[in-house]
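The values are calculated or read from the model by the stated rules, or taken from the named source; none is laboratory data. Remember, it's a predicted structure, so these values are computed and weren't measured experimentally. Don't worry about glycine lacking a Cβ; one is built from the backbone with ideal geometry, like all the others, and counts go over all protein chains shown. Only protein heavy atoms, including side chains, enter the accessible area calculation; ligands, DNA and RNA are left aside. Shrake-Rupley method; radii C 1.70, N 1.55, O 1.52, S 1.80 Å.
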Amino acid sequence: MLSLAFVFALGYQISKMYRTDTLAGGLISLASFIAVTPQVATLAEAGPEGADAVGWGFLNYSYLDAKGLFTALLVGLVSSIVYAKLMNRKITIKMPDSVPPAVSKAFASIIPGVIAIYLCGAAAWIVSELTGGLAIGDVILKYVQMPFMGLSQGLGAVLIIVLAVQLLWFFGLHGTNVLGAVIDGTYLTALTMNDSLFQAGKPMEYIWTRASFDSYVWMGGAGCSLALVIAVLVFSKRADSRAVCKMSAPMAVFNINEPVVFGMPIVLNPIYFIPWLLVPAVLTIVAYLVTAAGWVPYAHVVVPWVVPPVLYAFLATG
């Protein structure tokens, strides 16, 4: 049910960003996703005299799990932004002041909500007409999500993501959050697909998933900050560096790196620039190659990001 939860949360957060009714935004985003999802199913030998029966009102879980994430992302973005924009432009049903606020708020969402849902439904119908009956989710999965997933599995693509995150952190930006849409939209999908295959007893397909970053590269936070903390405490004689790392160590164990990144500082510090880029790149190459060689299992289990290194990888690989 991952896509259903995701599309509601996306609509909720976008509405919050636009300062509109968050609950209505989440429900409209969810309704739009349901509107573009096929609801017809064929039930084998369920009709009269053993014939197949065709029924309406079913939701196939293959559209609702990790394979539906890209569709949920696109539909959720479009529907919730349309809703929020119309709300902010006051294209709503205005009720008299005597009407209770809860009722007035519900009526205010009707016109923007209906427009957003119908817009997504019309787009799905047009796609179906142009593709000979394919659902918009099938088209996105075939021509957008799967090629993108394939590209994401190359060592070069993984290195680009890792180096981009490191560069953003060097300039004081939370690289993992800035690139969160790409990282989670692609590699979290790979993670959940691997888990679905594992549960079905089939070989897992994706070498690198969202859990791979935290298992092998971002130990102690982006940049493998835990390694820096340990190195300073073992080898450094600078009192200021040791003081920062002593205070940072308890957080670094749980993958929180802000104290060391801004305390050393690593941000805009040319002394740390090369190792800040080089260490995660080396970790990525080693982890990718040993995973591809089958020396360690593919990561397929969702693990909270605050789980300490080593234990994280143990759990993520099952």
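Can you give me the angle between helix 155-170 and the longest principal axis of the chain, using Cα atoms only, in degrees from 0 to 90, rounded to the nearest 10? Roughly 70 degrees between the two axes.
Accessible area, 1.4 Å probe, largest first: how do Glu205, Glu49 sort?
On the way: Glu205 115, Glu49 195 Å².
Ranking Glu205, Glu49 by accessible area, largest first, yields Glu49, Glu205.
Sum up the charges of everything whose Cβ sits under 15 Å from the Cβ of Val232, counting Lys and Arg as +1 and Asp and Glu as -1, but leave Val232 out. Summing Lys/Arg as +1 and Asp/Glu as -1 gives +3. Just from its helices, what would the mean residue ellipticity at 222 nm be for the chain, if runs of 4 or more DSSP H residues each count -39500 (n - 2.57) and the sum is divided by every residue, rounded to the nearest 500 deg cm²/dmol? One gets -18000 deg cm²/dmol as the mean residue ellipticity at 222 nm.
Taking every Cα-Cα distance in the chain and sorting them into 10 Å bins from zero, the calculated P(r) comes out as 6, 21, 24, 22, 16, 8, 2, 0, 0 percent. Each Lys and Arg contributes +1 and each Asp and Glu -1, all at the Cβ; summed about the Cα centre of region 134-292, the dipole is approximately 420 debye.
Please give the net charge around Ala108, taking every other residue with its beta carbon less than 13 angstrom from that of Ala108, where Lys and Arg add +1 and Asp and Glu add -1. Provide the component values of the computation, followed by the final result.
Numbers: positive: Arg89, Lys90, Lys94, Lys105; negative: Asp21.
Around Ala108, the charge tally is +3.
Only protein atoms count toward the accessible area here, which uses a 1.4 Å probe; on the chain, the carbon and sulfur part of that area reaches 72 percent. Put the Cα centre of region 279-318 next to the Cα centre of region 48-69 and the gap is 36 Å. Taking the longest Cα principal axis of the chain as reference, the axis of helix 189-199 is set at about 80 degrees.
For Ile271, neighbours were defined as the other residues whose beta-carbon sits under 14 Å from its Cβ, and their charges (Lys and Arg +1, Asp and Glu -1) total 0.
Remark: the Phe58-Ala200 segment gains 48.9 nm on full extension, using 0.36 nm per residue and subtracting the alpha carbon distance.
Just the number please: accessible area per residue for the chain, 1.4 Å probe, all protein chains included, in Å². Could you put the intermediate results ahead of the total?
On the way: 16640 Å² over 318 residues.
Each residue of the chain exposes 52 Å² on average to a 1.4 Å probe.
For Val114 and Val40, the difference between the fully extended length at 0.36 nm per residue and the C-alpha to C-alpha distance is 24.4 nm.
With 0.36 nm allotted per residue and the present C-alpha distance subtracted, the Asn269-Arg238 stretch has 9.5 nm of extension available.
Computed from the Cβ-Cβ distance with R0 of 41 Å, the FRET efficiency linking Ala157 to Glu129 stands at 0.75.
In terms of the Cα gyration tensor, with a ≥ b ≥ c the square roots of its eigenvalues, is region 128-235 rounded because a/c is under 1.5, prolate because a/b exceeds b/c, or oblate?
Details: a/c = 3.46, a/b = 1.98, b/c = 1.75.
Verdict is prolate for region 128-235.
In a reduced charge model with +1 at each Lys and Arg Cβ and -1 at each Asp and Glu Cβ, region 61-180 shows a dipole moment near 340 debye about its Cα centre.
Greater than 23 Å separation of Cα atoms is the criterion. Which listed pairs, Lys16/Lys142; Lys16/Lys67; Lys67/Lys202, meet it? Lys16/Lys142; Lys16/Lys67, as the Cα separations exceed 23 Å there. Hey, what angle do you get for helix 225-235 against the long axis of the chain, alpha-carbon based, 0 to 90 degrees rounded to 10? Taking the Cα atoms of the chain, the angle to 225-235 is about 10 degrees. When both region 104-164 and region 203-248 are represented by their alpha-carbon centers, they are found 36 Å apart.
What FRET efficiency comes out for the pair Ala281/Lys105, r = Cβ-Cβ distance, R0 = 45 Å, nearest 0.05? Plugging the Cβ-Cβ distance into 1/(1 + (r/R0)^6) gives 0.30. Rounded to the nearest 10 square angstrom, Asp138 shows an accessible area of 50 square angstrom against a 1.4 Å probe. Take the alpha-carbon centre of region 73-97, take the same for region 167-187, and report the distance between them in whole Å. Taking the Cα centre of region 167-187 as reference, the centre of region 73-97 is 29 Å away.
Straight Cα distances below 19 angstrom link Lys94 to the lysines Lys85, Lys105, with same-chain residues fewer than 8 positions distant left out.
Only Lys, Arg, Asp and Glu carry charge here, each on its Cβ (+1 for the first two, -1 for the last two); on that basis the chain has a dipole of about 1180 debye about its Cα centre. With the charge dipole of the chain set up from +1 on Lys and Arg Cβ and -1 on Asp and Glu Cβ about the Cα centre, the Cα lying farthest toward the positive end among the listed residues Tyr288, Val229, Gly68 is that of Val229.
Using 19 Å as the cut-off for backbone N distance, which residues of region 1-22 belong to the label zone defined by a point 7 Å from the Cα of Met95 along Cα→Cβ? Correct set: 20-22.
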